[in-house]
Amino acid sequence: MITNTVYSHSSYFDVLEIFLDRWHLFYGEEIIVFADKKYKDYETIIYDDKLNYTDRLIQCLENTDCDILLYQHEDMFLYDEPDSKKLKDYEDILRDTDNSFIRLTKAGACNFSKTALSETLLNISKDSENFFAVQSTLWKRLDLIKFLKAAGSLNIWDLEWTSPKINSKAGLSGLSHFHNEPARGGHFDSNMWPYIATAI
C-alpha cells in the first residue's frame, strides 16, 4: 500500500486547506501531514522548524512506517480524478525494479529515454540537471532518506539545483510518467495524476 503524505508549514495552512479539499473531492484516501505544528484532526508528523528542509523531511520520513510513499507539497492541488489503476501499476513497477522513484509528471531539465517497463514511463538520466524535483512523486521511503542524507543539510532550492551532484553519491535511478500530455509552463500535464504543478 502507498502511504500518502503532504509536506507543509503552519504559515501555509491556508494553502493546505485547499489542497485537502481537492484531495478529498477527487481521491479521498487517508493522508499524513508533515508540518511544524499539528493540523486539525489529521495525522501529523511534526518536524523541528529550526532545521533545514532536508533535515525536516528526514525527521518525518524516519517517523513514517511504510515502504512506498506519495511525496507531495501543499500547493499541488488535484483538479480531476487520478487514475488509481495506473498508480497501482506504478507502485508494482517500483517494488519490482531497482528504481527509487516514479515522478507523476514530466518536469524539469532532465535527459529522458524510453524504458521497456511501460509505454507511459521514461527513464531519467542519473546525472540530469533536475534529477530530484519537488513534484508529486512515488518514492521508496528508504531511498528518499538515502538521497536526502547524501545531500546534507540544504534548503529546498539547493536540493533541486544540486541534485546531480547529490545523486553522484547516492547512485539512485528514477522514472517519470509521460503519455504525450501537453506542456504547461516548465512542466507537462499528467493524465494519470492531474494536479497543478505547482500553485505557488
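The values are calculated or read from the model by the stated rules, or taken from the named source; none is laboratory data. This structure is a prediction, so every number in the text was calculated from the model and none was measured. Neighbour counts are summed over all protein chains in view; Cβ atoms, including those assigned to glycine, are modelled from backbone coordinates with ideal geometry. Protein only, heavy atoms only, side chains kept; ligands, DNA and RNA dropped before computing areas. Shrake-Rupley method; radii C 1.70, N 1.55, O 1.52, S 1.80 Å.
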Handout entry: Boolean, residue 196 is touching a residue at least 60 places away in the same chain (Cβ under 8 Å), open to solvent by 10 Å² or more (accessible area, probe 1.4 Å), among the hydrophobic types (A, V, I, L, M, F, W, C) and farther than 30 Å from residue 51 by Cβ
Key = no
Practice task
Tell me, yes or no, whether the range 150-164 has at least one residue that is surrounded by 15 or more Cβ atoms within 10 Å (Cβ to Cβ) and in a strand (DSSP E or B).
Solution key: no
Handout entry: Matching entry among 136, 125 (being farther than 20 Å from residue 68 by Cβ and either touching a strand residue (DSSP E or B) at 6+ places or on another chain (Cβ under 7 Å) or without any contact (Cβ under 8 Å) to a residue 24 or more places away in the chain (or both))
Key = 125
Fill in the blank from the handout: Here the qualifying pairs (Cβ atoms under 7 Å; residues six or more apart or on different chains; first in the range 42-59 and more than 18 Å from residue 145 (Cβ to Cβ); second loosely packed, with under 14 Cβ neighbours inside 10 Å) come out as 44/38
Problem - Residues satisfying the stated conditions in the range 122-149, i.e. of a type outside the set (A, V, I, L, M, F, W, C) and open to solvent by 20 Å² or more (accessible area, probe 1.4 Å) - result: 123, 125, 126, 127, 129, 130, 140, 141, 143, 146, 149
Practice task
Can you confirm whether the range 119-133 contains a residue that is under 14 Å from residue 160 (Cα atoms) and within 11 Å of the chain's Cα centre (by Cα)?
Solution key: yes
Practice task
Pull up the range 31-76, narrow it to residues that are part of a loop (DSSP other than H, G, I, E, B) and surrounded by 21 or more Cβ atoms within 10 Å (Cβ to Cβ), then point me to the one that is nearest to the chain's Cα centre (by Cα).
Solution key: 72
Practice task
Count, please, the residues in the range 165-185 that happen to be of a type in the set (Gly, Ala, Ser), open to solvent by less than 50 Å² (accessible area, probe 1.4 Å) and closer than 15 Å to residue 108 by Cα.
Solution key: 2
Exercise for the section: Could you run through the range 85-96 and say how many residues are surrounded by fewer than 14 Cβ atoms within 10 Å (Cβ to Cβ) and touching a residue at least 24 places away in the same chain (Cβ under 8 Å)? Expected result: 1
Problem - Leading residue by the ranking (most open to solvent (accessible area, probe 1.4 Å)) among those in the range 4-30 that are in contact (Cβ under 8 Å) with a residue 40 or more places away in the chain and among the aliphatic types (A, V, I, L, M) - result: 25
